[in-house]
1. What is the local net charge at B:VAL186, summed over the other residues whose Cβ is closer than 15 Å to its Cβ (Lys, Arg +1; Asp, Glu -1)?
2. Along the charge dipole of segment B:2-218, which of B:ALA40, B:LEU161, B:ALA171 sits closest to the positive end, that is, farthest toward it, with unit charges on the beta carbon of Lys, Arg, Asp and Glu (+1, +1, -1, -1)?
3. Using 0.36 nm per residue of separation minus the Cα-Cα distance, give me the extension gain between A:LEU118 and A:CYS283 in nm, one decimal.
4. How would the protein assembly as shown be classified by its alpha-carbon gyration tensor: rounded, prolate or oblate, with rounded meaning a/c under 1.5 and the a/b versus b/c comparison settling the rest?
5. If I model a spin label as a point 7 Å beyond the Cα along the Cα-Cβ vector, how far apart are those points for B:THR57 and A:ALA9 in nm?
6. Based on the alpha-carbon gyration tensor of segment A:48-176 and its eigenvalue square roots a ≥ b ≥ c, which shape applies: rounded if a/c is under 1.5, prolate if not and a/b is larger than b/c, or oblate?
7. Figure the gain on full extension for B:LYS83 and B:LEU124 (residue separation times 0.36 nm, minus the Cα-Cα span) and round it to one decimal in nm.
8. What distance in nm lies between label points placed 7 Å from Cα along the C-beta direction at B:THR217 and B:PHE116?
Amino acid sequence: MLLTIALIAAQTTVLLAVSPFLVGLIRKVKARLQLRRGASLIQPYADLIKLFRKQPVISTTTSWIFTATPYIVFASILTAGLLVPTFISQTPMNFAGNIIVLVYLLALGTFFLMLAGLDAGSAFGGMGSSREAIVASLTEPAMILAIFAIALTNGSTNVSTIVHKTALMEDIVTDPSPHLMALAALFIVALAETGRVPVDNPATHLELTMIHEAMVLEYSGRYLALLEWAAGLKLAVFLSLIANVFAPWGIATTITPAAIGIGLLAYVVKTAALAAFIGVIECMFAKLRLFRVTDLLGVAFILALLGLLFFYTLRS
Amino acid sequence: MQGLSSIGSQLIDLCSALLLLTCFAIVAQRRLSACVDLFALQSAVLFVTAALVAYLTKSHHIYIAAGLTGVIKVIVIPRVLKKVIDHLNVKRELVMHVNVPTGLLICGGLVMLAFFIAQPIIPLGPLLTRDSLAIALAIVLIGLFTMIARQQAVSQLVGFLVLENGLFLGATAATYGMPLVVELGVFFDVLIATLIAGIYTNRLQDAFNSVDTDQLTILKE
């Protein structure tokens, strides 16, 4: 019991600590590729501390949704993060929900963020919410199908079981095609859900392009800090999911100090590599026009669907 | 030894799946030069696949075919196509007969069709891999679809080259390569076809000020 609580606390700490680092790393990689020196890797932490100290300003036209949203978003994404294995394959919270709960916990956060964007009544917020609704409704089917493809190859919808089985290489169907299709689909979904470049640009406040930034435009002080942190957490959750489901190398399968140490190191290295890759992508591609986003997410959907169908055709 | 060959066949499966992935990227891509880059990437994956097959089956002539793929399809043909594109005034968005999401759905259907066609054939022969034959067939079909669905000459050419990549994958994965003379002939054919189509595209551009092949249907004696 005590061990379980300790592990839950450890995973929470790891997620909270790693997420600003990943955001900082993406910015750093981008800056270096653009021949800039870029802000230091601890800058996101400093930003969060600064924002937590500032006094928030709240519009008088807003309702309770506006002040409740940062807490709901932060809590739902953190809970989702506890369902995904990070440094240890059997997460202590794995009894609490499977991969479908994970998807809809993330969707809950998105839903409240869209409401909050509309709540302040500014034109930008409504625009951002409307765009987020388009993106969210297109990513969800692709994500669910990709996840089902993985769940079928492992015979379980529990993320911990999937990662544990893959890490130990026990009774899994070793066909690379469904996995590769699901990986590609999930990666596109991750880019779209975390507001990265082909879909959204996190570095701009230009009204023509912003999606996530438009929804959080009215926030300040500790509310903004929570939302920024939640955005970082969402990135960390997606990267952990991708890293550990498709490449569970080095993850701790037993609870011994040595295994956990290696697991932690492997986790940070894997997520950092993925974050650096996202940074490279952000430099290589331009943001898509809003109505071209459907093409990209269409690719994700078709790939996920093919991954699912490959499973059946290869089985028979 | 058994372990090595099973890892090898999984790697070939992985490469074939990557080839299929690049096919979808080409279908979804609207920019011409990006299509050519993706074709070069696909050919590079094909080069790796062919080299793997050569290593696993220890047949040396496939190494030569793989090397030719590396030189001709990864370097020479993309360069030729880039030169043709430079000469044209259509660099931006491609015109298609069907929009991208529909095209992707059709391609998904084609992949399933290929799998169902190849399914009864696969157990008949001693194949290295289970699904590369089906994927090869799928790539051929997607290449054909690209040729039909796109209006401009250069992207139709890319479709033709994708089709040829699928044929090559099928030949190496299913029959461990054709005789070297045939292989050389095919490579020469593809290279010449690309050159001729490139020149022809330039002529189209000069004559119509556009490379939309639909305009050819209005030609009368």
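Laboratory data are not the source of any read-out in this text; all were calculated from the coordinates shown. All figures in this text were calculated on a predicted structure; none of them were measured in a lab. A quick note on method: Cβ atoms are made from the backbone with ideal geometry, for glycine too, and the neighbour counts reach across all protein chains shown.
1. Spelling it out: positives minus negatives among the neighbours equals -2.
2. Farthest along the dipole direction, towards plus: B:ALA40.
3. Taking 0.36 nm per residue and subtracting the Cα distance, the gain is 56.2 nm.
4. It is oblate, given that a/c is not under 1.5 and a/b is not larger than b/c.
5. Reported label-point gap for B:THR57 and A:ALA9 is 6.1 nm.
6. Taking the square roots of the gyration eigenvalues as a ≥ b ≥ c, segment A:48-176 is prolate.
7. Working: separation 41, 0.36 × 41 = 14.76 nm, distance 4.50 nm.
Contour length minus the Cα-Cα distance gives 10.3 nm.
8. Placing both labels 7 Å beyond Cα along the Cβ direction yields 2.9 nm.
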